[in-house]
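A.B. asks: Quick one: the structure is below, and I'll ask about it shortly.
The values are calculated or read from the model by the stated rules, or taken from the named source; none is laboratory data. Computed from a prediction, not measured in an experiment: that's the story for all the values here. Cβ: placed from backbone, ideal geometry, glycine included. Neighbour counts: every protein chain shown. Keep in mind that these areas ignore ligands, DNA and RNA; they rest on the heavy atoms of the full protein, side chains included. Shrake-Rupley method; radii C 1.70, N 1.55, O 1.52, S 1.80 Å.
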Amino acid sequence: MNQEVEYDAIVVGTGISGGWAAKELTENGLKTLVLERGRMVKHLQDYPTANDDTWDYPLKGELSAEDKKKYHKQLRVQWAPKEDVKHFFVNDLEHPYVETKRFDWIRGYQVGGRSLTWGRQSYRWSDIDFEANRKDGYGVDWPVRYKDIAPWYNKVEEYIGVSGENLGLKQLPDGKFQPPMDLNCVEQELQKSISEKFDDGRVMTIGRVAHITDPDAGIEGRGVCQHRNRCWRGCPFGGYFSSNSSTLPAAERTGNMTLRPHSIVYEVMYDDTTKKAIGVKVIDAETNEKLEFRAKVIFLCASAMASVGILMQSKSARFPNGLGNDSDALGRGIMDHHYKLGASAKVAGHLDKYYKGRRANGFYIPRFVNLDEKTKREGYLRGFGYQGTASREDWSASVAELGYGATLKEAVLKPGQWQIGVTGFGEFLPYDDNRVTLSPTEKDKWGLPQLAFDVEFKENEYRMREDIKKEIVDMFKAAGFVDVQPYEEETGPGLGIHEMGGARMGHSAKTSIVNKHNQLHLVPNVYVTDGAFMSSSSCVNPSLTYMAFTARAANHAAKEFKAGSYS
């Protein structure tokens with residue numbers, strides 16, 4: 001590529017945020033270079049396992065012993081990577097990082113990033129979330145409120161296609177939804193029990209998920225969800241939202257996008273005369289060649305921790321501690337969500353009922369604690385929600401039994417008892433001493449400093465985790481379910497795969513890195529719109545919020561660019 005060409009904008013990353021930045025900037029007429037550190041993945045063409053079955057793999061989908069060594073940190077999440085999707089997760093031997101304290105950094109380095117493997121759960125924040133830091137004193141106050149982001153939530157939901165139902169809850173604002181997927185009979189039983197037996201406002205609903213359910217939706221280039229539940233392999237139907245099926249093709253259609261994979265951005269270049277960024281430095285991942293690309297506007301969407309790392313490496317005489325980092329806030333306030341805890345139970349009856357297809361979704365129980373005086377809990381701040389599903393046991397339940405002959409044959413041909421499982425997702429407070437830094441000694445294979453994580457759960461998180469288990473056990477027992485078992489597996493921050501923070505949004509450069517428009521306070525032509533800008537974590541899946549803020553920021557950048565602010 002011609003390094004002498006100056007672009008209007010550069011977008012770093014092609015995942016959830018990068019795809020939206022590319023779409024909005026190019027549709028506003030900006031000539032935009034999109035840089036991705038990983039390989040090219042083309043929609044339809046590069047989903048090699050999309051139609052495979054379990055029996056197509058020698059180990060029934062499990063990784064070989066050799067591969068388990070390559071993915072030893074990615075495997076902490078347990079459900080991935082498997083043989084059918086390992087190509088969408090990083091090789092840990094090739095992409096190491098330092099754990100001062102355990103941090104489970106789950107990554108996907110390819111065009112589309114983790115938009116190919118995300119859980120698609122899509123929930124809006126409320127003012128309860130945006131006001132929490134100011135009210136309880138943890139973190140810095142958000143400089144925006146729900147009314148500022150609501151129009152952008154509307155735009156994003158209508159474009160990506162989110163199915164769900166409106167509930168009228170103050171803690172979970174309603175949205176622009178396509179028809180909801182159906183709860184099965186056991187889930188309806190739990191829903192009814194929660195409604196009748198608890199008086200604190202708790203409800204249960206089908207998950208709000210970025211899957212097209214309306215065959216007449218008319219979203220360009222995408223079809224309706226097929227209920228195959230093979231989403232993490234890449235969906236050839238475009239039934240769920242990904243950058244590859246949606247925002248990147250939209251950007252390409254404008255003729256204003258140049259996409260360059262295998263491009264590891266390691267520094268944003270700063271001009272001390274103009275007080276602006278002038279471009280980025282890149283290492284070609286295939287040739288190791290060092291390149292520079294210039295633009296008037298820079299969007300960092302490399303994923304939260306990667307974007308923080310780029311800012312830290314962007315040192316100059318003016319910013320010796322990292323670009324825009326006069327406050328020493330860069331790398332601080334790293335958060336995630338609670339994960340790997342909840343409960344399971346058996347459910348009697350309903351043996352004459354089943355379900356059709358493999359619904360790529362579950363049910364959701366929104367936050368119901370610490371919303372007001374009535375729901376206030378002693379011992380911890382903020383709140384949590386639940387995601388779960390009910391299903392019938394299959395033939396594998398008979399493997400451990402002492403059955404044989406005709407009895408065993410009959411048992412394995414029939415679906416078994418109903419069972420239900422739930423996982424809690426809780427809020428993680430934004431502590432300043434939960435941080436990521438650049439290792440002074442450890443380098444990656446390109447000679448760049450590895451990120452070093454020093455992040456942990458603290459007392460508030462541990463107390464919340466106990467209540468997460470207790471409350472779901474109470475709900476299961478109230479519904480009459482049997483063999484109710486709480487569970488809590490070994491885990492650490494990061495395993496919720498919602499890592500965020502490190503370049504937080506705030507009112508002032510004295511306490512934060514970016515302003516209300518996602519611009520660096522001190523370098524306004526640099527925008528950070530992935531999870532790095534988050535000043536608190538809420539308890540809902542964050543991707544919809546990343547997309548809304550990114551669309552808002554990109555339109556702000558385009559307006560400022562056209563006004564000559566970055567010339």
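A.B. asks: Per residue of region 521-531, in order, report the coupling 6.51 cos²θ - 1.76 cosθ + 1.60 (Karplus, θ = phi - 60°) as ³J(HN,Hα) in whole Hz, putting x for Gly and Pro.
C.D. replies: Whole-Hz 3J(HN,Hα) from phi for region 521-531: 3, 9, 9, x, 8, 10, 10, 10, 10, 8, x.
A.B. asks: When the accessible area of region 291-387 is computed with all protein chains present and a 1.4 Å probe, what percentage of it is carbon and sulfur? Mind dumping the intermediate values first?
C.D. replies: Details: 1690 of 3440 Å².
After summing per-atom areas, the C and S share lands at 49 percent.
A.B. asks: Another question, if that's okay. Counting other C-beta atoms within 10 Å, and keeping those with at most 13, which DSSP coil trypsin sites (Lys or Arg not before Pro) do you find in region 490-567?
C.D. replies: Passing sites in region 490-567 are K510.
A.B. asks: Something else now. Show the residues, 5+ positions off or on another chain, whose built amide H is closer than 5 Å to the amide H of A343.
C.D. replies: Here V422, Y487 satisfy the definition.
A.B. asks: Classify the chain from the C-alpha gyration tensor, please: rounded if a/c falls under 1.5, else prolate or oblate depending on whether a/b exceeds b/c. Before the final figure, lay out each step's value.
C.D. replies: Working: a/c = 1.69, a/b = 1.46, b/c = 1.16.
Cα axes put the chain in the prolate bin.
A.B. asks: Something else about it: So for the chain, taking the charge dipole from beta-carbon charges (+1 Lys/Arg, -1 Asp/Glu), which of Y159, Y71, Q178 sits furthest toward the positive end?
C.D. replies: Y159
A.B. asks: For region 228-321, with only Lys/Arg (+1) and Asp/Glu (-1) charged at the beta-carbon, what is the dipole magnitude about the Cα centre, in debye rounded to 20?
C.D. replies: Details: 13 positive and 8 negative charges, 67 e Å.
In total the dipole reaches around 320 debye.
A.B. asks: Quick one: Karplus J couplings for region 297-312, per residue in order, coefficients 6.51, -1.76, 1.60, θ = phi - 60°, nearest Hz, x for Gly and Pro?
C.D. replies: Computed from phi, the couplings for region 297-312 are 10, 10, 10, 8, 9, 7, 4, 3, 6, 5, 5, 4, x, 4, 4, 5 Hz.
A.B. asks: Hey, another quick one. Between beta-carbons, use under 11 Å as the cut-off and find the net charge around H95, counting Lys and Arg +1, Asp and Glu -1. Show your work: numbers first, answer last.
C.D. replies: Values: positive: R37, K70, K73, R107, K445; negative: D92, E94, D444.
Charge balance in the 11 Å sphere: +2.
A.B. asks: Between the helical axis of 459-478 and the dominant principal axis of the chain, each derived from Cα atoms, what acute angle in degrees is found, rounded to the nearest 10?
C.D. replies: 30 degrees
A.B. asks: Something else: Distance between Cα centroids, region 542-567 to region 217-296: provide it in whole Å.
C.D. replies: First find each Cα centre; the distance between them is then 16 Å.
A.B. asks: Let me ask something else. Summing +1 for each Lys or Arg and -1 for each Asp or Glu, what net charge is found among the other residues whose Cβ lies under 15 Å from the Cβ of P179? Please list the in-between numbers first.
C.D. replies: Working: positive: K176, R208, R359; negative: E157, E158, E165, D174, D182, D214, D216.
Result for the local shell: -4.
A.B. asks: Can you tell me how region 109-217 classifies by the Cα gyration tensor, rounded, prolate or oblate, using a/c under 1.5 as the rounded cut? Kindly include the intermediate steps, with their values, before the conclusion.
C.D. replies: Values: a/c = 1.81, a/b = 1.08, b/c = 1.68.
Since a/c reaches 1.5 but b/c is at least a/b, the shape of region 109-217 is classed as oblate.
A.B. asks: Amide H of K31 versus every other amide H placed in the peptide plane: which residues, excluding those fewer than 5 positions away on the same chain, fall under 5 Å?
C.D. replies: D8, A9
A.B. asks: At most 11 other Cβ atoms within 10 Å and a DSSP loop assignment: could you name the chymotrypsin sites (Phe, Trp or Tyr not before Pro) in region 116-217 that fit?
C.D. replies: none
A.B. asks: At a threshold of 8 angstrom on Cα-Cα distance, excluding pairs fewer than six apart, so keeping six or more, what relative contact order does region 129-253 reach in percent?
C.D. replies: On the way: 145 pairs, mean separation 24.1, N = 125.
It rounds to 19 percent for region 129-253.
A.B. asks: Ignoring ligands, DNA and RNA, please state the percent of accessible area on region 9-140 from carbon and sulfur, probe 1.4 Å. Numbers along the way, then the final one.
C.D. replies: Working: 2530 of 5100 Å².
Carbon plus sulfur share of accessible area: 50 percent.
A.B. asks: Where does helix 16-27 land angle-wise versus the long Cα axis of the chain, in degrees 0 to 90, nearest 10?
C.D. replies: So the inclination is approximately 50 degrees.
A.B. asks: Could you tell me which of the pairs K192/K414; K82/K147; K82/K445; K101/K374 are separated by over 31 angstrom between their Cα atoms in the structure shown? Walk me through the intermediate numbers first.
C.D. replies: On the way: K192/K414 28 Å; K82/K147 42 Å; K82/K445 25 Å; K101/K374 37 Å.
Table pairs above 31 Å Cα-Cα are K82/K147; K101/K374.
A.B. asks: Sticking with this structure for a sec: Cα centroids of region 479-496 and region 1-60: how far apart, whole angstrom?
C.D. replies: 35 Å
A.B. asks: Same structure, new question: With a sphere of radius 9 Å drawn around the Cβ of S122, what net charge do the other residues whose Cβ falls strictly inside it have (Lys, Arg +1; Asp, Glu -1)? Present the calculation step by step, with values, prior to reporting the outcome.
C.D. replies: On the way: positive: R120, R124, R208; negative: E157.
Value of the local net charge: +2.
A.B. asks: Treating the beta-carbon of each Lys and Arg as +1 and of each Asp and Glu as -1, no other charges, what is the dipole magnitude of region 1-145 about its Cα centre, to the nearest 20 debye? Walk me through the intermediate numbers first.
C.D. replies: Details: 22 positive and 24 negative charges, 80 e Å.
The dipole of region 1-145 has a size of about 380 debye.
A.B. asks: Normalising by the residue count of region 65-130, find the relative contact order in percent from Cα pairs under 8 Å and 6+ residues apart. Mind showing how you got there, number by number?
C.D. replies: Numbers: 48 pairs, mean separation 19.4, N = 66.
It rounds to 29 percent for region 65-130.
A.B. asks: Helix 185-197 against the longest principal axis of the chain: what's the angle in degrees, Cα atoms only, rounded to the nearest 10?
C.D. replies: Here the helix axis deviates by roughly 90 degrees.
A.B. asks: I've got another one for you. What residues have an amide H closer than 5 Å to that of G416, excluding those fewer than 5 places away on the same chain, when H is modeled at 1.01 Å from N in the peptide plane?
C.D. replies: E393, D394
A.B. asks: Might you tell me the accessible area per residue for the chain, computed with a 1.4 Å probe and given in Å²? Intermediate values should be presented prior to the final figure.
C.D. replies: Details: 22520 Å² over 567 residues.
Counting only protein heavy atoms, the per-residue value for the chain is 40 Å².
A.B. asks: Among the GluC sites (Glu not before Pro) within region 427-493, which fall in a DSSP loop and have no more than 12 other Cβ atoms within 10 Å of their own Cβ? Before the final figure, lay out each step's value.
C.D. replies: Details: sites: E427, E442, E456, E459, E461, E466, E471, E488, E489, E490; in loops: E427, E456, E489, E490.
In loop regions of region 427-493 (DSSP not H, G, I, E or B), the sparsely surrounded GluC sites (Glu not before Pro) are E489, E490.
A.B. asks: Does region 1-143 come out rounded, prolate or oblate by the C-alpha gyration tensor, with a ≥ b ≥ c the root eigenvalues, rounded set by a/c under 1.5 and, if not, prolate when a/b is larger than b/c and oblate if not? If you can, show how the numbers build up before the last one.
C.D. replies: Values: a/c = 1.86, a/b = 1.23, b/c = 1.51.
Oblate, since a/c reaches 1.5 and b/c is not below a/b.
A.B. asks: For the chain, what is the charge dipole size about the Cα centre, in debye to the nearest 20, if Lys and Arg each add +1 at the Cβ and Asp and Glu each add -1 at the Cβ?
C.D. replies: Details: 74 positive and 77 negative charges, 120 e Å.
Taking the Cα centre of the chain as origin, the dipole is about 580 debye.
A.B. asks: Tell me, what HN-Hα J-couplings in whole Hz come from the Karplus equation 6.51 cos²θ - 1.76 cosθ + 1.60 at θ = phi - 60° for each residue of region 502-515, using x for Gly and Pro?
C.D. replies: Going residue by residue, I get x, 9, 5, 8, x, 7, 9, 5, 6, 10, 8, 9, 10, 8 Hz, with x marking Gly and Pro.
A.B. asks: At q = 0.18, 0.24 Å⁻¹, what is the log10 ratio I(q)/I(0) for region 409-502, with the Debye formula run over Cα points and no solvent?
C.D. replies: Each listed q maps to, in turn, -0.94, -1.26.
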